[in-house]
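Below: the structure, in structure tokens.
Each reported figure results from applying straightforward, stated rules to the coordinates on display, with no laboratory input. Note that this is a predicted model, so its numbers are computed, not measured. Reconstructed Cβ throughout: ideal geometry from the backbone, glycine too, with neighbour counts over all protein chains shown.
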């Protein structure tokens, strides 16, 4: 079930004017219903499957993407709000062979993998702002994402290892 299916049908409206945005470095133009979430646009229309939907309320972090470099919950962000903006997803981060991806794999910083994309997105935002964070800073940043499997220790170690390698981008 899509997030928009949970919203009262009376909220149906006309589609927005064409949105122009950059997604993972590629320019896109899309016309979307006014109530469509960014997660729906990414997952359902653009078939990017890496961003996960868990809570549908913007509190768990699994659907995190970067909008102009700032982490955002795609499940609670309207698609129309990305007009003129840059959006980065886990697919773009992985395609760029970001050191975080290698560090997560090398340190087994995932189990079920459901939170992994959101964790990497948040960690990238952190390392973009603070290339050499302290352990406490990593813990604080990752506290916005829920992981029920790993206990965070391996995730924290992966972020610190990527920072050591100079994960600037």
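Overview of results
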| quantity | calculated |
| --- | --- |
| From the coordinates shown, volume of the Cα convex hull per residue in Å³ corresponds to which of [x] 100; [y] 399; [z] 116 | [x] |
| Cα gyration tensor category, rounded, prolate or oblate, for segment 3-92 with a/c compared to 1.5 | oblate |
| Helix 153-164 axis, angle to the chain major axis (alpha carbon atoms, nearest 10°) | 80 |
| Where labels lie 7 Å past Cα in the beta-carbon direction, separation of residue 140 and residue 57 in nm | 2.6 |
| Between helix 116-129 and the chain: long-axis angle, C-alpha atoms, 0 to 90°, nearest 10 | 70 |
| Estimated 222 nm signal from helices in the chain, with DSSP H stretches of n ≥ 4 weighted -39500 (n - 2.57), rounded to 500 | -8000 deg cm²/dmol |
